[in-house]
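Student: Pasting in a structure now, in structure tokens, and then I'll have a few things to ask.
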Amino acid sequence: MKKSEIFEKEGNYVEELREYCDMQSANVPELRTKLLETVNHYEELINQAQLITKVSDRLQHKLNNLNDKLNVKNIELQETIDELTKARASRKATTIVLVVAIALFFFSEALLEPYIETHTSNFYLGFAAKFGLMLLLKPIDFVIEKWLLQDALKKAGKTG
Amino acid sequence: MEPLIIEPSNTTPKVKFDPATGVMLLSGRSTPENSVEFYKQMLDWLDEYAGRPCQRTELNIKLEYFNTSSSKCLLDIFKSFNNLHKAGNDVIVKWYYEEEDEDMQEAGEDYSDLLNVPFEIIEVKE
């Protein structure tokens, strides 16, 4: 039997008993004493095994509860990370759209409007063109935000 | 006799057995790879202490978690206290558990049912 076994003492007793049983000289009263001793040991072993099983079950229960709590916290954390990623993507998209809007403004003022003024005399056409460009901003914002979000999720998937 | 002091680690509890005051503490987490080896030093120390015990001996258990083999080793420690108590010494085991930690509370109750040592189960507010 290995020295560091958990039931070392009990194991040693079994060995001792086995050796005793091999003895030819054991008489009946001695056997009775040894048997009683064995019954006591056995009873104690049962008590110990019952206690250890009970305590072990309780600790397993505690571990399961902690695991459940950890899972809930993990879900909450993932939701927060997703919201944060979305907010970051939205902010980036807004900045890009602002740059696009400035570019479109210069495009309309420098190229589009002079072109319309030289080729047509309709005042509303230039106005409508600018309005059309303005309406384009929202879909551009939507597309950029979606693209940035997908990119961020893809990156998160690679690192996670 | 020298006090037994073992600093805690990720898998072993803090141990502070003081022979001068008779106050002993076991706190933290107990999941050592080899529980028997870890607890042997405590059992040996207690054997020596039993030769010249204090008027009153107090064992404070403040464990958060322990594995199955530690539960058997704890039982062996309690048995040492049982023997000390049987020899006519004033002995008390105080089992602390955190508020709402019913599993640890019931584990303490399981131990106290099996032992004949004065056993106090104390709730600690978080």
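Student: Given the protein chains as shown and a 1.4 Å probe, how many square angstrom of A:Leu31 are accessible, to the nearest 10?
Tutor: 80 Å²
Student: Pop out the carbon and sulfur fraction of the accessible area of segment A:92-140 as a percent, whole number, probe 1.4 Å.
Tutor: 78 percent
Student: How many percent of DSSP beta bridges within chain B run antiparallel, rounded to 5?
Tutor: Once the DSSP bridges in chain B are tallied, antiparallel ones form about 25 percent.
Student: Moving to a separate point now. With a ≥ b ≥ c taken as the square roots of the eigenvalues of the C-alpha gyration tensor of chain B, please select rounded if a/c is under 1.5 and otherwise prolate if a/b is larger than b/c or oblate if it is not?
Tutor: Taking the square roots of the gyration eigenvalues as a ≥ b ≥ c, chain B is oblate.
Student: Now for a different question. Run lengths n ≥ 4 of DSSP H only: what is the helix-derived mean residue ellipticity at 222 nm for chain A, with -39500 (n - 2.57) per run over all residues, to the nearest 500?
Tutor: My calculation for chain A gives -32000 deg cm²/dmol from helical runs alone.
Student: Find the accessible area per residue for chain B; the probe is 1.4 Å, ligands and nucleic acids are left out, and the unit is Å².
Tutor: Result: 50 Å² of accessible area for each residue.
Student: Follow-up. Over 19 Å between Cα atoms: which of B:Lys16/B:Lys94; A:Lys9/A:Lys54; B:Lys62/B:Lys86; A:Lys86/A:Lys154; A:Lys62/B:Lys79 fall into that group?
Tutor: Where the Cα-Cα span goes over 19 Å, the pairs concerned are A:Lys9/A:Lys54; B:Lys62/B:Lys86; A:Lys62/B:Lys79.
Student: Still on this model: For the pair A and B, how large is the buried accessible area, both sides, in square angstrom to the nearest 100, if the probe is 1.4 Å?
Tutor: So the total buried area for this chain pair works out to about 1900 Å².
Student: While we're on this one: Given H placed on each backbone N at 1.01 Å, which residues far from B:Glu98 in sequence or on other chains put an amide H within less than 5 Å of it?
Tutor: For B:Glu98, whose amide H was placed from the backbone, the distant partners under 5 Å are B:Val124.
Student: Now a separate question. Rounded, prolate or oblate: which one fits segment B:87-126, using the alpha carbon gyration tensor with axes a ≥ b ≥ c (rounded when a/c is under 1.5, else prolate when a/b beats b/c, else oblate)?
Tutor: Because a/c hits 1.5 or more and a/b fails to exceed b/c, segment B:87-126 counts as oblate.
Student: Give me the angle, in degrees from 0 to 90, between the Cα long axis of helix A:8-22 and the longest principal axis of the Cα atoms of chain A, rounded to the nearest 10.
Tutor: 30 degrees
Student: What percent do you get for the relative contact order of chain B when only Cα pairs under 8 Å and 6+ apart count?
Tutor: Relative contact order comes out at 21 percent.
The values are calculated or read from the model by the stated rules, or taken from the named source; none is laboratory data. A quick note: this is a predicted structure, and the numbers were derived from the prediction, not measured. For accessibility, only protein heavy atoms count, side chains too; no ligands or nucleic acids. Shrake-Rupley method; radii C 1.70, N 1.55, O 1.52, S 1.80 Å.
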